[in-house]
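One structure is given here, and the rest of the page talks about it.
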Amino acid sequence: MRDLGGETGAVRAATAATFSWRRVSGVLLRHLYVLRRSVPRLLELAYWPTVQMVLWGFITQFFSQHSSWVASGAGVLVTAVLLWDVLFRSNLGVALSFMEEMWARNLGQIFVSPLRPIELVVGLAVMGGVRTLIAVVPAAVLAMPLFDVSVFALGLPLAAFFANLLIFGWSLGMLVSGLILRLGLGAESLAWVVIFALAPLSGVYYPIDVLPSLLQPIAYALPTAWVFEGMRAVLFGDGLPAGHLAAAVLLNALYACAAGAFFLLMVQRARERGLLLQQGE
Amino acid sequence: MPFVQPQPPTADAPAQPVTAPVIVAEGVSKHFRNVVAVDTISFEVAAGATTALLGGNGAGKTTTLSMLLGLLIPTAGRVTVLGCDMVRNRFPALAAMNFSSPYVDLPRRLTVRENLSVYARMYDLAAPGERIGELAAALDIEGLLDRTTGALSAGQKTRVVLAKSLLNRPRLLLLDEPTASLDPDTGDWVRSFLERYRAESGASILLASHNMAEVERLCDDVLMMRAGRIVDRGAPGELIRRYGRQTMEEVFLDIARSRDGDAAPVPA
């Protein structure tokens, strides 16, 4: 074989320089430009969590007069709906940002740039976090004057719940993005289907022991079940059980690694099947 | 002119002898289930040359370009670009090359400036604003920078996509039908620009085109594809003489209409 210049020292150095925050900022900037240019999108992001919060606020007011459980856990339902929206928006933030690239037929341009798939993943995850904050913070702030419920009163445990749900949302977003890359945009409803399939098992509005005994082990295999059980423990004055938090963190680490690996595998499959230039509406 | 300066060595750009071929394809095939899109092709593209990849629809040009870009993994064989294996280690090569096609969009809702800013960062440029200014002046798109990309005409869009493809001062430029759907005046402008860019930067260009006049004007070398194979190769003048024709258009028709096996695959 003839001398091609080989993988010289400079190339080996380049291979080592595998992560660039500047390239990640390109991914972020692209989606921030889209958001900045569309006020209806921004308003819609905050609209649905706010509507959900108001709905559950009134349900709480009603049940607090008829249920000792709701009455003793101040704001348990409103806090649950706000935390659920952290997971929901984080998942959608990643999946919709990825689908945006497919709708725009932009995947080809992205994958012929030196942007590494891991940088794309990090960019989408950060964007998922931004979308989550835009969606959930206004609803959380409005809940204080409207229903006298402050999720911020949870203190440090709130940060732990938020981080765990955000990361699990990223994992689900990666899973959905990988599936859509494999199956095409016809499968875009998976962004909603997957997360709603988990809702009944996550014990968002009720304790896990309400579930049939067959489903309880499945529920406890999800970090969400530990987070919402932990949330109820804090709101009912029992403090944050360390075991719950540790289980959520461990499961999250497992699912994040699995989802990241799945996404990278789907990118590899797309390169084998020639899907990266074909995707689009 | 500053916009054509070749890319200086960076942490992400492969160092390679100037004379080494920029592209080497060795026994490359691509099968999609039972369909053979590309069948055991081998070729090299010389540094500093403009090479055309020609063939009728379905000949395998886009599949070949996709494998050169690392977007598609060959079923067999090896693709080396700027000294990098495009399956195992494509990123150093991608940092030093670029791609333009009318069939791969830039986000339509972003302005031209926003799109170029995004891609400048994806190519790890330290001073994106400065580079965008240089390219905007060179490609006469300064007046378009704050317009939405989706609202541009075909000619304007072509110049914007070219600007994107020059952001990183590529040493290798892959162009898929660079003047498709352009009026003759705009097409001529793009061809003149590419001639000037190549002359001043020393970059290598590989282009797929259906415009044979463009190929005669721009290219030093032509690779002819049919049914996934490279069936002939040579300089445009040499091919015209060899086929006893007046133009590349006639040569193209001869090759495209001949039966499989009429022209033997040409070694690289």
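When A:Ala140, A:Ala153, A:Ala163 are checked against the criterion of being over 29 Å from B:Arg169 (Cβ atoms) and either outside any helix (DSSP H, G or I) or modelled with pLDDT under 90 (or both), A:Ala153 stands alone in meeting it.
Just one of the listed residues (A:Arg30, A:Arg131) is part of a helix (DSSP H, G or I), of a type in the set (Lys, Arg) and either touching a His at 6+ places or on another chain (Cβ under 8 Å) or under 28 Å from A:Gly203 (Cβ atoms) (or both), namely A:Arg131. For B:Ala151, the conditions (1) touching a Ser or Thr at 6+ places or on another chain (Cβ under 8 Å); (2) more than 23 Å from A:Leu120 (Cβ to Cβ); (3) more than 8 Å from chain A (Cβ to nearest Cβ) all hold with the exception of (1). Inspection of segment B:97-111 finds a residue satisfying the criterion of being at pLDDT below 95, out of contact with any Leu (no Cβ under 6 Å at 6 or more places or on another chain) and within 20 Å of B:Tyr197 (Cα to Cα). Note on segment B:25-70: residues that are more than 16 Å from B:Met224 (Cα to Cα), β-branched (Val, Ile, Thr) and at the interface with chain A (Cβ under 9 Å from one of its Cβ atoms) total 0.
Of the residues A:Gly123, A:Gly173, A:Gly155, the single one that is in contact (Cβ under 8 Å) with a residue 40 or more places away in the chain and either of a type in the set (Phe, Trp, Tyr) or away from chain B (no Cβ under 14 Å) (or both) is A:Gly173.
If you check A:Gly230, A:Gly243, A:Gly239, A:Gly280 for being within 14 Å of chain B (Cβ to nearest Cβ), modelled with pLDDT under 95 and either surrounded by fewer than 20 Cβ atoms within 10 Å (Cβ to Cβ) or part of a helix (DSSP H, G or I) (or both), only one passes: A:Gly280. Selection of segment B:99-144 for residues being within 12 Å of A:Tyr33 (Cβ to Cβ), surrounded by fewer than 24 Cβ atoms within 10 Å (Cβ to Cβ) and more than 7 Å from chain A (Cβ to nearest Cβ) yields B:Thr111, B:Arg113. Within segment B:169-197, if we keep just the residues that are in a loop (DSSP other than H, G, I, E, B) and of a type in the set (Ser, Thr, Tyr), the residue that is nearest to B:Ala46 (Cα to Cα) turns out to be B:Thr179. Only one entry of B:Pro9, B:Pro21 meets the criterion of being at pLDDT below 90 and either in contact with an Asp or Glu (Cβ under 9 Å, 6 or more places away or on another chain) or within 13 Å of another protein chain (Cβ to nearest Cβ) (or both), and that entry is B:Pro9. A search for C-beta distances below 6 Å between a residue of segment B:35-62 that is in a strand (DSSP E or B) and any residue that is of a type in the set (Asp, Glu), counting only pairs 6+ apart in sequence or on different chains, returns B:Ser42/B:Glu26; B:Thr50/B:Asp220; B:Thr51/B:Asp221.
The values are calculated or read from the model by the stated rules, or taken from the named source; none is laboratory data. What you are looking at is a predicted structure, and each value in this text was computed from that prediction instead of being measured. Reconstructed Cβ throughout: ideal geometry from the backbone, glycine too, with neighbour counts over all protein chains shown.
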